[in-house]
Amino acid sequence: MLQKTFFACVLILMFIHNPLYAQEPNFKGSILDESSEQPLEGVEVFFNGKMVVSDKRGRFNFYYNSSVVEIRCHFLGFKDYTVQLKENRSKRIFMEEAFQELEEIEIHEHGHDDMSLAGMNLSSINAYTLDAEKGTTIAETLSKTPGVSFISTGVGISKPTVRGMAGSRVVVSVDGVKLEDQQWGMDHGLSVGQPNVDEVEIAKGAATLKYGSDGLGGVIKMKSPQPLGRDGVEGKIGLNYKNNNKYFSGDAKVNGQKGKIFYQVSGGYEDFGNYRVPAEEFSYLGGIFKLKDGILVNTGGSIGSFKTTVGYEGNHWVHSVSYSLFSESVGLFPGATGIPTNNWLQSFEDKRRPEVPKQEIDHQMLTYNSHVDVWGGNIWFDLGYQYNDRKELSDPVRHGRPLNEYGFVANQLDLRTTSANVHFDKEGRVMHWEVGVNFENQQNRRSGFDFLIPDYDQNTFGGYAMFGLPLNEKVKMIGGVRFDYITFASKAYYDSYFQDPPNSGNPWQRVDDIDNQYENLSASLGVQFKMFNQIDANTNIARTFRAPRANELASNGVHHGTFRHEQGTPDLNPEQGYQWDFNMSYSKKKINVALNPYFNYYTNYIYLSAQPEPSPLPDAGQIYKYIEASGYFVGYEFALDWEVRRDIKLHNSVEYVYSQNTERNRSFSFVPPLSSMTELTYTHTVISNFLSKPFASVNLQLTGDQNRVDINELETPGYGIVGLKFGTAFNMQRVYGNLIFRVDNLFDNNYMRHLSRYRILNLPEPGRNFSINLTAWF
């Protein structure tokens, strides 16, 4: 009995003299990884000679007889963190990883840095952003990037613009091969499936040195996933829904490797109906036309894509073969292919499958990519074959022709392109250098009851050399030269339905035979430099060259998607320009600022000009002819990213392009107006095994008036639209992903985009649109 009494007294004294255990904890907190915001288990928390350890949810607590205490958090691989805690207040602590320098090792990647773009304004869009900002087309998705916009025909057709340049002035590269899909046509989009793209890199400015004469405005590089580099399989599944036009899409991607063999399979399908605008009517050519329930009839469609890759990754070389298929069928609003009537509009039903007029595109692409470590450097092979089948379908009777053997096929263009790019690069002790050659052969064949461009053959030969020379630790010079030789030959076309002169029995000769050759020298010189360890800058000046394309030389017909009769000029000279870029960025831990002014001058810029004579074709209006004029484009892009607090981030971007036709003292056509995008995002830290980083954001897009327009181009008033976005990441054992809700045009504003092909019909953009996007990786 005495022993029991003694031990009881000892225990009571221990608890009395050890307040750490005797009292309720009055200090508590949670510890998280700063980068991932996930809880850290096992962190040692020291205070006044004592220690506690965080649990699996990152939480800790203790009692200390004071109102304030200083603690030190220690965890292997992270920097020690010291902070003061206040009594009865929970503190959230973020620990920063401690990076240690490792010995330099060689990493053999299936890809490489592009030296030709090193002195340019580069933007990279990763897989998460591509999913979070997903539009109906990839051009719409990319338009959130400063300096990038898109020319649209409804919601299913869009073409990207870079600093006011589009079509054949912007190169789209897919796995090292230039996309050739009649890109001069502004009335159809890119033949690239969004599910098949893992990352996009956009270089704004002159990129003709490596990519050829079409790179005046810049380069958009579509990248596929890299090989895993280990045995295993990774995959992704995505689902997306939008309520405005009942849009639905599903996509999947698998990336695997076994030994030295790697493979990738991806694909997706998009299906959408007619979209709604916040208007009950529209006006065109003095007429008023009704829109039942605000629905734009015949604007639905579908887009499908598939891609597969198989390759071998050795110690000193990598080979891969890829095949992709892109298929699109999208309806055109009836007023886009002729003068509308209320009866014609009312004859269309509100259904998903488009009737004529519509557009159908099938694009197949076969590529071989290889690089080999040899001679102390790398030799790269990018070979490609592409087949593009483009059809524009319309009712011939509405265009003054009888129904014949072509049925509703107004224009069918079959383009076959074979290309080869070979280059060798080497980084020596003194400088980095690269030499390369390019070849491309194109064969275009036409059919259909209408005419726009003739059959043609084009061959392009090019060679270039570049260097990168470090002048010191903070300054590097980059430059190079390129030579191009291009041949173009097209056949005369006689239209037997129309007679010239009328009633003469002689068919109308739309175009003559053309046999042109172009050659030119391009050059570029730039400097990269770093100032005060926080400012990176580069500047670049280039002499550029672009040969005229088939539409600029040999077109002569109604381009229905663009509302005009277009006529080429066979003796056009190649465009020649002088382009200057300056890019500067300032970066600290919580703020990043970038400013990118530029100036581009062209001695003979090729553009469409309204002519005084009317078109002889039905419902065609005036003739627009391709001519040359001197002029310039000047502008800037600005971007700000600011971490206001750990949980609040602010993004702002501004872009502006000013163009001037110096011979007419007015703007060139289709130049985007001043615009800005501001987004405020709140991210909440959740200590959970399932959810992480839930966020909410609000964005405001402001676009100014566009009053600087070309002849017969309509001015467009400015507008402001608000959007919302909510989402969270999630993790379920081996599956993780993102769930994002988005509201575009929150207040259902009636506004028009200056770069919309439907602007001429005074049709507003889509109304309020709710969307949900689910992406899961495994």
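Just so it is clear, none of the values below were taken in a lab; they were calculated from the coordinates. None of the values given here were measured: they were computed from a predicted structure. Please note: Cβ atoms are built from the backbone with ideal geometry, for glycine as well, and neighbour counts cover all protein chains shown.
Rounded, prolate or oblate: which fits the range 460-579 when a ≥ b ≥ c are the square roots of the eigenvalues of the alpha-carbon gyration tensor, with rounded for a/c under 1.5 and prolate only if a/b beats b/c? The shape class here is prolate. Counted over the chain, the DSSP beta bridges are approximately 95% antiparallel.
Neighbour counting of Cβ atoms within 10 Å sorts the residues T681, T417, T82, fewest neighbours leading, into T82, T681, T417. With a cut-off of 15 Å on the backbone N, the residues of the range 240-273 near the modelled label site 7 Å out from D293 along Cα-Cβ are 243-247, 273. Calculate how steeply helix 2-17 sits against the longest principal axis of the alpha-carbon atoms of the chain, using the helix alpha-carbon long axis, and give the answer as 0 to 90 degrees to the nearest 10. On a 0 to 90 degree scale, this one is about 50. The Cα center of the range 487-512 and the Cα center of the range 287-322 differ in position by 37 Å. Panel order for R89, R510, by other beta carbons found within 10 Å of each beta carbon, from fewest to most: R89, R510.
Stretching the chain fully between Q364 and Q443 yields a gain of 26.9 nm (0.36 nm per residue, less the alpha carbon separation).
Taking the number of Cβ atoms within 10 Å of each Cβ as an exposure proxy, the fewest-first ranking of I295, I93 is I295, I93.
Distance between the 7 Å Cα→Cβ label points at I339 and N459: 4.8 nm.
Compute the FRET efficiency between L739 and A279 as 1/(1 + (r/R0)^6), taking r as their Cβ-Cβ distance and R0 = 30 Å, and round to the nearest 0.05. Write down the numbers at each step before the final one.
On the way: r = 33 Å, r/R0 = 1.09.
Efficiency, rounded to the nearest 0.05: 0.35.
Distance between the C-alpha centres of the range 348-373 and the range 557-586: 24 Å, rounded to the whole angstrom. Below 8 Å, C-alpha to C-alpha, sequence gap of six or more: please give me the relative contact order for the chain in percent. Normalised by residue count, the contact order of the chain is 9 percent.
In deg cm²/dmol, rounded to 500, what helix-only [θ] at 222 nm does the chain give when every DSSP H run of at least 4 residues adds -39500 (n - 2.57) and the total is split over its residues? Before the final figure, lay out the partial values.
Working: 7 runs with 45 residues, N = 778.
Taking each H run of at least 4 residues, the total per residue is -1500 deg cm²/dmol.
With each label modelled as a point 7 angstrom along the Cα→C-beta vector, the N126-L403 pair spans 5.6 nm.
Out of every Cα pair in the range 118-777, what percent are spaced more than 32 Å from each other? It would help to have the intermediate numbers written out before the result.
Values: 112157 of 217470 pairs.
Looking at the range 118-777, the distances longer than 32 Å represent 52 percent of pairs.
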